[in-house]
Amino acid sequence: MFKHPFSNIPHDEVIKGLIEAGRSYQAEFPSKLDKVTKLIQSTDALQAIACLSIYGLFAGISDNGKTTGSYKGESFTQSHVELIQAIALQIEEDKRYFNPPTPEIIQELFDALPELASAFHYQRFIQLEVEKSKQNKSILILQEHLRSHTQLVRNWGFLKRVIAIAKRLYEPMNSNFEDSINIGATDLIDVFSYLVARLEKMVNRRWIVLRTVFSLHKPEEIITAYYKENPHFMIRLPI
């Protein structure tokens, strides 16, 4: 039988601990948001988001059907990519930079985004201080748990079915789209469906190329294998 780790702690002590944690996260949130904002502002946001998505969300599958986890597993999810996209969209165009993201920036974003999301979520525990009744406090904790769950969970469906449903929904509006932008709504769905399939093929080719690199452990071997698989990256030094 599973025993909750907090079951032996008095309820009031648990609430007190959550309020203190909420205060701590609330104090940390502005600096964490500022850090992430400056990181994404200092580089090409689209390239950074692409790197985070490809290397942070894609999982592999072996020939025997066994899946391998993504870079950080459940610690980095689609919600974190959506968060950095939302932050990037708030930056004014004349304040953006378009330098390619460095490995250091990508790694900092991988580390900072989950911390920012946690701070945003857990800072709301200070609301427990306002609630007086034990029942309302329990409801608030449950609401935060549900928010955290729905932030990470997606109602996934089979792609072909999603596309088919979307086409049936938008087909009656084809003429409106054609009058406005000279292309039907279902045609737009076909375009993005093609782009998804094209991207998947490109990513798969990339993973196949890097498979031997990721299987190594020594830095010298990794570097040698990487440039062997990517000879066009080699820098020709003058003799």
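Counting only whole DSSP H helices of the chain, the ones at least 24 Å long by C-alpha along their axis and with mean Kyte-Doolittle hydropathy no lower than -1.0 are 11-41, 103-122, 134-152, 185-214.
Taking Cα centre as origin and charging only the Cβ of basic (Lys, Arg, +1) and acidic (Asp, Glu, -1) residues, the dipole magnitude of the chain rounds to 680 debye.
Counting only heavy atoms of the protein chains and using a 1.4 Å probe, LEU188 has close to 50 Å² of accessible surface.
Computed over protein heavy atoms with a 1.4 Å probe, the accessible surface of the chain works out to 74 Å² per residue. For ARG211, the accessible surface of its heavy atoms amounts to roughly 140 Å² (probe 1.4 Å, protein chains only, rounded to the nearest 10).
Legend: residues ARG96, ARG124, ARG205, sorted from most to least accessible area (1.4 Å probe; ligands, DNA and RNA excluded), read ARG205, ARG96, ARG124. Taking amide H as placed 1.01 Å from N in the peptide plane, the amide H of GLY60 sits under 5 Å from that of THR68, each at least 5 places away or on another chain.
In the chain, Cα pairs under 8 Å separated by at least six residues give a relative contact order of 20 percent.
Taking 4 °C and 1.567 mPa s as conditions, segment 12-100 diffuses translationally at an estimated 83 µm²/s according to Stokes-Einstein applied to its Kirkwood radius (Cα pairs).
The values are calculated or read from the model by the stated rules, or taken from the named source; none is laboratory data. Predicted, not measured: the structure shown is a model, and the values here were computed from it. Cβ: placed from backbone, ideal geometry, glycine included. Neighbour counts: every protein chain shown. Ligands, DNA and RNA are excluded from the accessible area calculation, which covers all protein heavy atoms including side chains. Shrake-Rupley method; radii C 1.70, N 1.55, O 1.52, S 1.80 Å.
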